[in-house]
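The structure appears right after this line, and notes come after that.
Coordinate-derived values only; no laboratory data. Every value quoted in this text rests on a predicted model; they were computed, and no experiment measured them. Here the Cβ positions follow ideal geometry from the backbone for every residue, glycine too, while neighbour counts run over all protein chains shown.
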Amino acid sequence: MRWRPSLSLATDKQSRAIALAFLLLLAGLLMPPVNLPRDAYDYIVVFDISQSMNVEDYQLHGAPVSRLAYAHEAARRTLRDMPCGSRVGWAAFTGYRTILLLAPVEVCAHYSDLLASLEKIDGRMRWSNASEITKGVYWSVLTAQETQLPADAKPDIVFISDGQEAPPLDPAYPPRVIEDLPEHSIRGWLIGAGSDEPSPIPRVDEDGHRTGYWRADEVVQMSAFGGTNAPATEHLSAVREPHLRALADQLGFDYARLTGPASLSETLRDPRFARRRPTPTDLHWLPVALAVLTLALRFRPDGSWRSLVFTRSARTNSP
């Protein structure tokens, strides 16, 4: 009957291992988030919702989509890729004003709310048919300056637009927005959306239904300014990259192009815009992993690997 004490001892060890694993699993379940320093980002993403953003010169899953719809998809992927602790808010631009729709909130805790509110941003919000991009960027900077975040932080701006001014700017009087901004300290990105090839601009009613396309005689052309013999092209739309780059240079912003659904996410996670701060971090996986390791070590088949090795070795060395 010598085997009984050994069996009892093994049973006691197994019971202790099970109890320890249970305590570790319970700790993992109850463990609160721990504040750890991490890189995070704060952004207000401004969507140009003027009618030129309805031009379908992007493709998504093999089907043509509008610039605004493509910007939505890029923003969804950006939310998914942003590290926890980052804060994102939404704003809309048309006419000459940028309106804050949702102040920046933490992306992990409010992920579903951010997605749901993003879906509501479309041309039906439009309160004007004008599209004075320069003034819209100016107002976006003022909006960021007035937005209060914890620790007196100010969000960075992301302004997504094709850059088409409507009515067009008088070339004799180029705007100088930086001179009118008090204590300008906001960083940001101007994101160019659209193709280099001009396309007709859809006419859209208040309910979001298309009613045709804008004609040359229905919009202000550059020829309206004295001494200008420019061809009538303002009823067509392409990304105005030189204008957006010049505007970014005035403000000290960076410029990037919306070239793919993942391009916005890659741009906004630029390390230069990261902010190191304590961030609640979920570490519940650590005690859970220790519990699994405890059970795996305690209930491993003792000596089975040794016998397997010796058996194979004996077979190899046998005549």
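Counting neighbouring Cβ atoms within 10 Å and putting the fewest first, the residues 41, 96 line up as 96, 41. The angle between the Cα long axis of helix 241-251 and the longest principal axis of the Cα atoms of the chain comes to about 80 degrees, rounded to the nearest 10. Taking every DSSP bridge with both residues inside the chain, close to 50 percent are antiparallel. In this label model, residue 225 and residue 209 are separated by 3.8 nm, measuring between points 7 Å along each Cα→Cβ vector.
Extending 7 Å from Cα along the Cβ direction at residue 199 and again at residue 69 yields two label points whose distance is 1.0 nm. Taking the longest Cα principal axis of the chain as reference, the axis of helix 67-81 is set at about 30 degrees.
Considering the dipole of the chain built from charges on the beta carbon (Lys and Arg +1, Asp and Glu -1) around the Cα centre, which of 44, 95, 169 is farthest to its positive end? Positive-end residue among those listed: 44. The angle between the Cα long axis of helix 285-298 and the main principal axis of the chain comes to about 20°, on a 0 to 90 degree scale. Full extension of the chain segment joining residue 232 with residue 257 gains 6.4 nm, where the gain is 0.36 nm per residue of separation less the Cα-Cα distance. Across 267, 134, 211, mean-square fluctuation computed from a Gaussian network of the chain (C-alpha pairs under 10 Å connected) peaks at 211. Think of the chain as a dipole: +1 on every Lys or Arg Cβ, -1 on every Asp or Glu Cβ, centred on the Cα centre; then among 105, 268, 29, 29 lies furthest on the positive end. Net length available on complete extension from residue 241 to residue 14 is 74.8 nm, with 0.36 nm assigned per residue and the Cα-Cα distance removed. The modelled label-to-label distance for the pair residue 128/residue 80, using points 7 Å beyond Cα in the direction of Cβ, is 3.6 nm. Considering only 48, 122, 12, the mean-square fluctuation computed in a Gaussian network model of the chain, springs between alpha carbons under 10 angstrom, is largest for 12.
Between 86, 199, 140, find the one with the highest GNM mean-square fluctuation for the chain; connect C-alpha pairs within less than 10 Å. The residue with the greatest mean-square fluctuation here is 199.
Once the chain from residue 27 to residue 148 is taken as fully extended at 0.36 nm per residue, the excess over their C-alpha distance is 39.9 nm. Calculated FRET efficiency, residue 218 to residue 96, Cβ-Cβ distance, R0 = 22 Å: about 0.65 to the nearest 0.05.
Taking the Cβ of residue 99 as the centre, find all other residues whose Cβ is under 15 Å away and add up their charges (Lys, Arg: +1; Asp, Glu: -1). My count for the surroundings of residue 99 gives +1.
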